[in-house]
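Peer 1: A single structure is presented below for examination.
The values are calculated or read from the model by the stated rules, or taken from the named source; none is laboratory data. Because the structure is a prediction, the values reported are computed rather than measured. Every residue, glycine among them, receives a Cβ derived from its backbone with ideal geometry; neighbour counts consider all protein chains shown.
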Amino acid sequence: MNDVIVDLKEISKIYQMGPVEIRAVDNIGLQIKKGSFCSIAGASGAGKSTLLHLIGCLDSPTSGEVKINGHNLGEMKDADLTKFRKENVGFVFQFFNLIPTLTAMENVLVPAMFDKDQKVKRAEELLEKVGMGHRMEHHPNELSGGERQRVAIARALINDPPIILADEPTGNLDSETGSEIIELFKALNTQGKTIILVTHEKDIANFANRVIIIKDGRLQDG
Ligand SMILES: Nc1ncnc2c1ncn2[C@@H]1O[C@H](COP(=O)(O)OP(=O)(O)OP(=O)(O)O)[C@@H](O)[C@H]1O
Ligand SMILES: [Mg+2]
């Protein structure tokens with residue numbers, strides 16, 4: 001089925017803390033369709049970030065199979081995985097994770113840093129697109145929270161990945177600014193990006209066409 005972009009087969013992530021075993025993700029099977037907008041909801045500690053990191057190849061499962069865009073990640077060498085992640089996944093975080101000493105423009109270029117042709121033109125276009133054309137030379141501490149998140153979204157898009165993963169992207173914003181950021185994700189989704197967004201806020205989760213709920217590392221719905 002090539003309309004499935006994320007295909008998880010019985011994945012678990014177990015952390016061994018001395019004698020205690022923590023099943024952060026406990027035997028989850030999940031398929032997400034290309035071009036969909038999904039939210040992952042659940043209480044603190046439920047395993048949302050762990051699941052997102054597994055989908056985004058930032059972490060590997062203790063067991064099970066992760067297939068992204070038709071590729072089985074478990075069969076890839078580290079170097080291939082890094083390249084694959086860069087081309088396929090863009091990340092947006094709760095605390096923006098911008099580099100403080102770089103301007104908005106330079107931050108957007110970070111994921112393209114090792115490319116032969118630096119994508120300055122594209123970075124400019126993306127900053128315009130997220131409404132930050134007038135702030136390209138500002139450093140993160142010269143931007144509001146919402147503006148920082150817009151820069152982070154432009155950064156996630158620099159390599160034009162088909163999948164955008166966002167972990168509590170509105171968690172640090174007031175509700176109005178949060179809604180604007182969600183609108184931006186919706187627009188990207190309309191343009192074809194698959195969006196997977198982690199949140200514990202019900203209102204935000206309901207923006208998505210599919211809400212996946214996890215509890216104690218297990219899928220509740222989907
Ligand atoms: N590196 C780690 N080592 C050990 N335990 C971990 C590690 N990372 C996460 N955990 C544990 O795994 C469980 C799931 O954590 P996770 O960060 O995925 O939760 P979450 O749903 O994202 O929570 P929150 O909403 O608070 O961000 C928690 O019990 C957490 O303590
Ligand atoms: Mg989390």
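Peer 1: Six or more apart or on different chains, Cβ atoms under 6 Å: show the pairs whose first residue is in region 29-54 and within 9 Å of ligand 1 (Cβ to nearest atom) and whose second is among the basic types (Lys, Arg) and outside any helix (DSSP H, G or I).
Peer 2: Going by the 6 Å Cβ cut-off, the qualifying pairs are GLY42/LYS215; ALA46/LYS215; THR50/LYS13.
Peer 1: Then there is this: Go through region 157-180 and give me each residue that's in a helix (DSSP H, G or I) and either acidic (Asp, Glu) or under 14 Å from PHE95 (Cα atoms) (or both). Break it down stepwise before answering.
Peer 2: Going residue by residue through region 157-180, those that are in a helix (DSSP H, G or I) are 157, 175-180.
Once the filter is applied, which keeps residues that are in a helix (DSSP H, G or I) and either acidic (Asp, Glu) or under 14 Å from PHE95 (Cα atoms) (or both), region 157-180 yields GLU176, GLY178, GLU180.
Peer 1: Continuing with this model, one more query. In region 5-28, what residues are among the basic types (Lys, Arg) and within 10 Å of ligand 1 (Cβ to nearest atom)?
Peer 2: At the first step, the residues of region 5-28 found to be among the basic types (Lys, Arg) are 9, 13, 23.
Residues satisfying the conditions are LYS13, ARG23.
Peer 1: Something else about it: Restricting the search to region 197-222, which residues are over 22 Å from GLU183 (Cα atoms), of a type outside the set (Gly, Ala, Ser) and outside any strand (DSSP E or B)?
Peer 2: First pass over region 197-222, keeping only residues over 22 Å from GLU183 (Cα atoms): 214-222.
Narrowing the set further to residues that are of a type outside the set (Gly, Ala, Ser) leaves 214-216, 218-221.
Answer for region 197-222, where residues must be over 22 Å from GLU183 (Cα atoms), of a type outside the set (Gly, Ala, Ser) and outside any strand (DSSP E or B): ASP216, GLN220, ASP221.
Peer 1: Of all residues in region 89-113, count the ones that are in contact with a helix residue (DSSP H, G or I) (Cβ under 8 Å, 6 or more places away or on another chain), hydrophobic (A, V, I, L, M, F, W, C) and within 16 Å of ligand 2 (Cβ to nearest atom).
Peer 2: Result for region 89-113: 4.
Peer 1: Among the candidates LYS86, LYS116, LYS9, LYS34, which residue alone is at pLDDT 95 or above, more than 16 Å from ligand 2 (Cβ to nearest atom) and over 24 Å from ASP203 (Cα atoms)? Full working, then the answer.
Peer 2: On the way: LYS86 fails: at pLDDT 95 or above; LYS116 fails: at pLDDT 95 or above; LYS34 fails: over 24 Å from ASP203 (Cα atoms).
Just one listed residue meets the conditions, LYS9.
Peer 1: Of all helices (runs of 4 or more DSSP H) completely enclosed by region 63-154, which ones contain at least 2 residues that are within 19 Å of the chain's Cα centre (by Cα) and in contact (Cβ under 8 Å) with a residue 60 or more places away in the chain? Spell out how you get there, then give the answer.
Peer 2: On the way: elements: 78-88, 104-109, 120-129.
In region 63-154, 78-88 are the helices (runs of 4 or more DSSP H) which contain 2 or more residues that are within 19 Å of the chain's Cα centre (by Cα) and in contact (Cβ under 8 Å) with a residue 60 or more places away in the chain.
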